[in-house]
Structure formats: C-alpha cells, structure tokens
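J.: Got a structure for you, written out below as structure tokens; questions coming shortly.
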2 protein chains.
Amino acid sequence: MKARVRRRKFWGWGYEGEGLTAEELEQLARSLAERLGLSELKAAQPPTLEEIRLRAPRVTPPRTLAGFCSAEPWERAEHTLGKSFRDLVRGLRREYENPPDFVAFPDSEEQVGMVLDWAAGSGVAAIPYGGGSSVAGGIEPDVGEGYAGAISVDMRHMGRVLEVDSASRAALIEAGALGPQLEDQLRPHGLTLRHFPQSFEVSSLGGWIATRSGGHYATLYTHIDEFVEGMRVLTPRGALETRRLPGDGAGVSADRLFIGSEGILGVITRAWMRLQERPRFRSSASIGFESFDDAWQAAREIAQSGLYPANCRLLDHAEAVFSGSGDGSRAILIVTFESADHELDAWMARAGAICREHHGEVPEGTGGTRSDDSAAREGAAGLWRSAFIRGGHFHDAFVRLGLVQETFETAITWDRFPEFHAGVLEATRGALAEQCGGGLVSCRFAYVYPDGPAPYYTVVAPGRPGSELEQWAAIKDAASEALIRLGGTITHHHSVGRYHRPWYDRQRPDLFAQALQAAKRELDPAAIMNPGVLIDPRR
Amino acid sequence: MKARVRRRKFWGWGYEGEGLTAEELEQLARSLAERLGLSELKAAQPPTLEEIRLRAPRVTPPRTLAGFCSAEPWERAEHTLGKSFRDLVRGLRREYENPPDFVAFPDSEEQVGMVLDWAAGSGVAAIPYGGGSSVAGGIEPDVGEGYAGAISVDMRHMGRVLEVDSASRAALIEAGALGPQLEDQLRPHGLTLRHFPQSFEVSSLGGWIATRSGGHYATLYTHIDEFVEGMRVLTPRGALETRRLPGDGAGVSADRLFIGSEGILGVITRAWMRLQERPRFRSSASIGFESFDDAWQAAREIAQSGLYPANCRLLDHAEAVFSGSGDGSRAILIVTFESADHELDAWMARAGAICREHHGEVPEGTGGTRSDDSAAREGAAGLWRSAFIRGGHFHDAFVRLGLVQETFETAITWDRFPEFHAGVLEATRGALAEQCGGGLVSCRFAYVYPDGPAPYYTVVAPGRPGSELEQWAAIKDAASEALIRLGGTITHHHSVGRYHRPWYDRQRPDLFAQALQAAKRELDPAAIMNPGVLIDPRR
C-alpha cells in the first residue's frame, strides 16, 4: 500500500482535522436555534473507528490482487457511506450496514482489469469509487441479492495528468484525479479545467463524468459532459477508447453512453478534457431584488441574452440569509463575467441594464473589469463562494446538531417554473410541518439555461432524535413526488444513484431503460458493475 | 394521397423547375473548363421518369396501409437515391437499382406505428425519410440480404409546429417539418430555430436530429444536438418520450441515444426544440490573410476567446475563389456576430484585434453594429451565403458537366491540424492526380471549436465518362484513409449512413458498436430499421 499523507474522514466530509472549529459550531448552534425557535442545539460526537462494527468480509482478495487491496476497518468504513443526510445520520449512529468486503486501490488500468476479471469470475459486485462524495447512494455497497460480496474500486492512485495539449487547450487526465490534484498539475501550464462542483476537494474526474457533475459555469458549460473530448473506459468485457475530437457527428455519441453511466458499464480510467486558460479579467455584481419574481425574470433574460456569464446564481430571500449574503429583504442575483481574453465592461453593462429593467438594485460603479485575483473573493459573491466551498463541512455540522438538513435539485423550463416552484415549496413545506413541526426551505438557481433554470432547494428543520431518517424520507418523498409530477427532473447534477431510483424510474422512458439494460448485458455480462444504481441489471 | 403543390426532383437537388438557368450553366462550364485546363464541358441531360426502369415491387402495402402508401414510379424513384456525387452520377446514368417497394406517407404517429408493425411482421426493412438530402447513403434502400422488401417512411405529412413556449423559447415540432416549413410557422412568434444546414430547404427536423446535422452557428451550438430539449421516438417496440428539460443529469442521456441514431432504432416523430429570438443586431467582417497559417491561427484564437461569433468560417485561398468571395491571393475569414439582445461593437472590435495580431487585413470601419436586414446579404459574407444556399444546385450542375465534384468533412484538434491538413491534402491530391490527371482541392472551416476546427474539403476534377464512380471511390478511399489514420472523424455532420461504414467501423470502439447493437435488438427485435446504416444489425 502506498503511504497516504492525509486520511479522509470515514464518517463525514473532507479530511481528518478539517471542519468547523468548536467555536464556529457553537455559533452555528446558537444562530440556528434562534432561527428555528428552538431552545438549544447540541452537537453529537462523530464516531471513532473503535465504535464501528463491520460485518466480517465475505470474500478476500486473491493472491494476485492482495498487494493493492485492503480490508482494514478504516478503509472499509470510509467506503461504506456517501455524504448525504441519510449517510451522515447513519454514520453518527455508528450504522455501517453495507461495508465493502475489501477495497482495491489499483494504480494502473491493468490492475483495474485484474480486479474486474476476478469480480466477474467470483460473482462479486464492483463499485467504482472516486472521492466518495455521492449524495445519492452511488457508492454504497448496497448491491442487493445474488452477489458473493461487494468491493470498492478506489481510483485514488490513478490521478496523473498524462499529457497536455496547449494548442487545443486539452489534457489527458487519469480518472482518479481529485479536483485540487488535477488543478495543481494543470496550473504550471496556465490551464484549468475550471470544474468546481461543491465537492471539488473530495471528488474525482471519473466520478464527475460518471455522474454528469455540475461545475463552475452557471451558463453554457454547466455539466462536465461538455468538457469531455474523448475517454477510455474499462468494462468487464475489455477496454474501449473514443477518439479525441473537438466535435463529432459520426452516429450515436459513444462518449454520451458512458457520461452519466454511474459505474454500471465499467470504470472510466482516463479522459481527454477540454480546458480553459486561467481568467485574467473579471467583472462581478450582486444585485438585490425586492421581488423574487422580478429576480428570476432578470435571470431568465440574462440566460437568453447570449452574454453567457460564468456565474448567474440567484439566491432567494431565505437563501441569501443562509449564505450570509443578505438580510432577507432581498433576493440576490450574483452575476460574474470572466475571461482570459478581453475586458468585460460591455457584457456587465448589458447584464446590469437587464437587471434594472426588472427593478434590480444594481450597485453604483458596477461594470468595471478587474484583473486582480481579489476580485473573486470580495463582496456578496465572495461570501457566497467561501460558504459554498465549506458547504460539506456545514452539512456535517447541521446533522451533528440534530437537524434535518439536506438539499435537492432539479431543472424545469421557464414557462412552468412559477407553478413548479410553488408546487415544490408547498409539498416540501407541508411535509416539513407534518414531520418536523416546521422548518425552512430556500431556493437558489444553481444554473440557468435559455430554456429554464436548475433550481436547488435547501431544507433545514428540527429533527426528532432517532427518527431523523424517517422524517427526511417523508420530506424527500413529498418533494420528489412534486418534482416528477410537475415535470422536472429528479436530479440535474447530483446523479441518480440508489436513492433517486423510485422517481428516476418514473422519469425515464421504460424502453430506454430496457435499451440501457441490453447495452449493460453486452458490456457487463455478469452484471457486477455497481448493481442497483440507475437500472436493475438483467442477468 | 394528399395533393402536392411542388414535386421534388427524383434525380437531383430541390424541386422541379429549380436549379441553374441555361445561361448560368454555360457560364459555369466555361469558367470550370478554363480553371481545369479543359477544352469544353457539356452538360448531360437529367433523366426523365420514362427513362427509368424500376424493379417490380416485391411487396405491396396491405389494405390497412394502402390509403397512405404509394408505389407510383415517381415516388419510388424519388426515394431511391440521396444527393451525393455517387447518387447523382447513378441518377444521370438512369441507374435506380434499389428503389423502395413502396413509400408510406403517414400523417400521424399511429400510422407510423401501423407501418412499422406491418414491416416487422413481414420482414420488410423500413427507412425513415425526411427531405432525402443524405450524402452518405442514409436513405437508399440498399438494405442487404434477408429482407422481403424495403420501404421508405416519408414523414412529409407530419410537419406541424404543435406548441410554442415563448417564455422558454421552445417549440414542439413534428419531425417531418422541412426547414422553410418550420421557420414559416415559427416566424409569427418572433422565434427561429436558426438551424440552417446547406440542405435547409430539403431536409427535415427528424433527419437533422437523426444525423446530428450541423447548422448555422459556427461556434457553440454547432450541431442540432444542442437544440433538442426533449423528443419522441417510435420504435418497433413502441413509443418513448423524454421529458423536456433545459438541462439534465439523471443518468445516461436518453436523447443522446437517439440523436445520431440514423434511423436504426426507430422513427423520431416530434421534438421539443430550443429556439432563438430573431436577431436584431449584426456585425460582420471579411478579413483577408495572405497566409493560411495566420488565418487558421486567428480562427483558433477567436474560437478560444469566449466571443462566440455566429459565423467564423475560414475559406482557404482556393475556396475563396470557388465561392466568389476572393481572387485567390488571400484566405478569407468571415466573422459575424448576431444578437437579439445587444449591440456587438465590443465583440467585433476584439475579434478584429485578434485578426490584426495574426496579420489579417481587417477592412476600415469594421465593427459597427447594424440592425437592418441587408447586413446579412452584403459583401463577401453575403456572396458566400448565397453560394452556400444554392450549393446543392451547383453540385448537380458540376456532375452534369461530367466533373468529379464532391465534399468531405471532418474534425481534428488544433495541435494535430497542420500535419492532419497536409496529410489529407497530400492523399487527396495524389488520388486526384492518379485518377483524374489533376484537379482542385479546397478547404474551409465549417465550424470552429475551442479545441479544434471542423475542416470541410471540396474536390473538383475532370471525370472520365463511364468511370466517374470508380474515380471518386478511389479519391474518397484515399482521403478517408488519411482522415482516419491521422486522428480525425469520418464525418463531423454529414452522418455515417452506408457510405462511411468502412471508416466509421475503424473509428468507433468495437465494444460500443456491440452495446449499440444490443440496444437495437431490444428496440427493434426484427432488425427492420434502416439496416446497413451505422452498424450491422444482429438478429
């Protein structure tokens, strides 16, 4: 086993030693208690490894794999749960029901192949594992009946940038590279993938591609999908590689069969990714709107303007408070343009004019292009950014404080947005009242498209000790039912995983699922790849 | 049968009565003879229907279908050949080897379903047919062994815009709508799909989606793929419909399985399409470059600038002459910005500056935004545009004049472009010399991406009467071999069809083809859908 400098927590977000300070946690407890009208909130202690009882491994690695596999309790515990509310609660309860029997840490495609061969021959489920940040049950070894065991295939030792093509602004990157690791290797070339999901620090390129991760850009290149130039996938039947092409029209896109496949067809081992030059110019504004209706109409007009801001994130009144960007009297639209090529005054001037037409309060002096790095770190935009990056740690803290706190996200066309949004809020608030005696729901637009937004909802409410999972399940059911009934998607970028299956199964056409099952049977005849995710394997 | 106002030619481009005037044809003959160093070029006469001998139908429509099917010779002849060089030569030779046994003209999805049911039950191949403009053999009933017959399913009676959503700028459109028909219905709403492939007048929405057609925008939204918000497909196993969503991340994209499926999985019956407002502002410039290297470097920098011009089409020196835009001393880069939202001076100013940095000759006064319609019709840009739209008729004329004239297109990353381009030119010129004793090859960039261009090559050379097909086959082989060997795609937007299969089979991963075959078996168990296109059906 290679030495590991830092260990990731096995129960929560990020690395050991990270998270809120004791003081921050106390302050958060006080402010949340006040906002939710509770007397006091006390933080539960995270589990220690000694407190965790893991089922004995049902299978052990054969001699040929043993050198890069581990059945150490820490590794098994770390690979058991994702990072959703449901995962965190179970972690804090010391419930680690479905640990992998062991974890493989291949450092080459050959080793990945050896693992898959053994798993297929032994009837053992294999779960591709990047950074473990799934909030949809995508990496939990809860694989259902009929398997002799389940193992995680952790790609962390395959994280190199193998080739950089500066002329085309592209790089060949191994799929196990986590966000910071990948950016560190690109930085000397003046290039960046600029894909910054909230999980950036603990999620991998392969995971992003497998789950259609949403990144930095609020318009245009929202999903990782758009940055994939070509890729290589190892299926149980062997490897396949697509050509790196800037654009293609030769038949059905092979890349698109694997983008979003969530590990059910094979392991993505590397990809040629489209990159950006590091931006030199920035222009940013935070625009207040008394009326949420005005605010989203402004966001719509900007999304349809052809200006393509890098950021166009709308926080509703409650979300502005949550993120520390506002006092609750205004919705806030954060608009940022960035470029490595040109000054952005004309772009921001027009976006500002659109906002004013919709009664937005555009701060004096907005519109100047700044070329210093601090521009990205100041004002409401900066506040929101740092809250965003630490979001995973705050999530942990909320759950430790006994609150039901979670997010869900979707997308809907503009024409249906008002009714949809009202319906989702009503369903969620109704469930919150019933389950928790109240609670808060806020909404932001994570992304905006010419034809509609991707609304992202955050829920926080008091939990009843011992009943948090049932409370959340009822709220999630109510919200998801509304999303699907009112025409949205069950997920815009959090993936389907295992948790979203009931609603995804209603959303996707049956015949498509059958076609995908057929494709899976072809590539994964023993049905070992991440069973239970996305579709039921038919063996 | 519904009355048809205009009949499409059964042997060439467009509608009866259209095409070059006798005078234009003579003028073209003179100028081409001069440029190719030939004494004289005489135009062959197009076939008349009476000259065509069609194989007797092997199957006839059952009573339930008879009301909307036709085995009239005109219909069968019209549905026999596409519009490539190979098709036109065979048409002029009166060789109609593979006519459909009859043509169905359904006017509802129910009727499409009746046709597919009958075909599946009868072992008859069914070929979805939009406008018939395929240049890749995509609609020719050359379906191979093992079928009792082959029929075309012509979607022309399903061309309605069913719903318009102005808030999201989207419309639900039946797949049989041809370009002008679709735009006519959108115009009263102030909206436009703005998808203008060269085949615009004689190609359909369903055809565009099935073949990943390339449209108006030279950057960003190049393929029709990006405009599909949701779709409905009728497979032999039944209908499936995806949700209309502005963005989605729920698993593998169902839309993407059918986009580019070239009719092998079913018939696309309708789609929700993302639209544009009609542009009010335009800024256009034609920039000359002495050096082609400078010109493509400028195109690259613009493609990577984040300015996203609607047009960024580079014509090499020869192409500039061909299209009437230049005298051969300069490559020409046509850059056009357009917007329904804002003036474009800042955009064009920066694009102009980039061109000047690469020694481009930017005309004085370039950069002003114009808001009158004539802006699109003047100058080199306007000349190129009208030549482009009449391209199909010119193609017919070249072939009638006995020339070997055809195009092929691809895409490649910037880092490999110089070597790739040199290799493609060398292979093509070598084959031209061998087959035709010389000839001309020109190149334009049809589209430019941040990571590479989509070069489009045009070939014209003297044909040997009776040997034109063999001449072109040898040239196409040599060029295609170079495209594939040097890392490009066999097609960026002309589709794979039947003609590109030998090279596509080398380009796409084998395991992907097997997965696609498995998906096809699931949706089309009798393997009746457009057999021979894209993959070999496995029954």
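J.: Mind jotting down the three principal axis lengths of chain A based on Cα atoms? Whole angstrom, largest first.
T.: 69, 59, 47
J.: Apply the Karplus curve 6.51 cos²θ - 1.76 cosθ + 1.60, θ = phi - 60°, to the phi angles in the stretch A:407-422 and return the couplings in whole Hz, x for Gly and Pro.
T.: Result, rounded to whole Hz: 10, 8, 8, 7, 8, 7, 6, 4, 4, 9, 4, x, 5, 4, 4, 4.
J.: Also, I was wondering about something else. Can you list the residues, at least 5 places off or on another chain, whose amide H is less than 5 Å from the amide H of A:VAL404, using H built in the peptide plane?
T.: Those qualifying (amide H under 5 Å, at least 5 residues apart or on another chain) are A:ALA461, A:GLY463.
J.: How shielded is B:233-245 by partner chains, expressed as the average number of their Cβ atoms within 10 Å of its Cβ atoms?
T.: Partner Cβ neighbours, averaged per residue: 5.
J.: While we're on this one: Let me see the pair-distance distribution of the stretch B:202-327: every alpha carbon pair, 5 Å bin width, integer percents in order.
T.: So the P(r) values, bin by bin, are 2, 9, 15, 16, 15, 12, 11, 9, 7, 3, 1, 0.
J.: Would you kindly derive the ³J(HN,Hα) couplings of the stretch B:303-312 from the backbone phi angles with the Karplus curve 6.51 cos²θ - 1.76 cosθ + 1.60 (θ = phi - 60°), listing them in order in whole Hz, with x for Gly and Pro?
T.: 4, 9, 7, x, 7, 6, x, 5, 10, 8
J.: What is the diffusion coefficient of the stretch A:54-154 in µm²/s, taking the Kirkwood radius over Cα pairs and the Stokes-Einstein relation at 20 °C with a viscosity of 1.002 mPa s?
T.: Reported coefficient: 158 µm²/s.
J.: While we're here: Which far-off residues, 5 or more places away or on another chain, put their amide H under 5 Å from the one on B:THR269, with H placed in the peptide plane?
T.: For B:THR269, the qualifying residues are B:ARG232, B:VAL233, B:LEU234.
J.: Return the sequence-ordered ³J(HN,Hα) values of the stretch A:63-76 in whole Hz as given by the Karplus equation 6.51 cos²θ - 1.76 cosθ + 1.60 applied to θ = phi - 60°, using x for Gly and Pro.
T.: 3, 5, 9, 4, x, 10, 10, 9, 10, 4, x, 4, 5, 5
J.: Under 30 Å between C-alpha atoms is the cut-off here; go through the protein assembly as shown and count lysine pairs that meet it, provided they're at least eight residues apart or on different chains.
T.: Number of lysine pairs found: 19.
J.: Can you give the average number of partner chain beta-carbon atoms within 10 Å of each beta-carbon in peptide A:255-261, as a whole number?
T.: Mean shielding by partner chains, rounded to a whole number: 5.
J.: Run through all the Cα pairs of the stretch B:281-370 and give the fraction in each 5 Å bin from 0, expressed as whole percent.
T.: 3, 17, 27, 24, 17, 9, 2, 0
J.: On a 0 to 90 degree scale, rounded to 10, what angle separates helix A:22-36 from the longest Cα axis of chain A?
T.: Relative to chain A, helix A:22-36 is tipped by roughly 60 degrees.
J.: Related question: What number in nm² do you get for the protein assembly as shown if you take the convex hull of its Cα atoms and divide its surface by four?
T.: If I average the Cα hull's projected area over directions, I get 41.1 nm².
J.: Working from Cα positions, state the angle (0 to 90°, nearest 10) between the long axis of helix A:391-400 and the longest principal axis of chain A.
T.: Roughly 80 degrees, rounded to the nearest 10.
J.: Same structure again: From the helices alone, meaning DSSP H stretches of at least four residues, give me the mean residue ellipticity at 222 nm for chain A, per-run term -39500 (n - 2.57), in deg cm²/dmol to the nearest 500.
T.: Per the formula, -10000 deg cm²/dmol.
J.: In degrees from 0 to 90, rounded to the nearest 10, what is the angle of the helix A:379-389 Cα long axis to the longest principal axis of chain A?
T.: Taking Cα atoms only, the helix is inclined about 20 degrees.
Since every read-out is calculated from the coordinates, none of them should be taken as a lab result. Just so you know, these numbers come straight off a predicted model, no measurement behind them. Glycine gets a Cβ as well: all are built from the backbone with ideal geometry, and neighbour counts include every protein chain shown.
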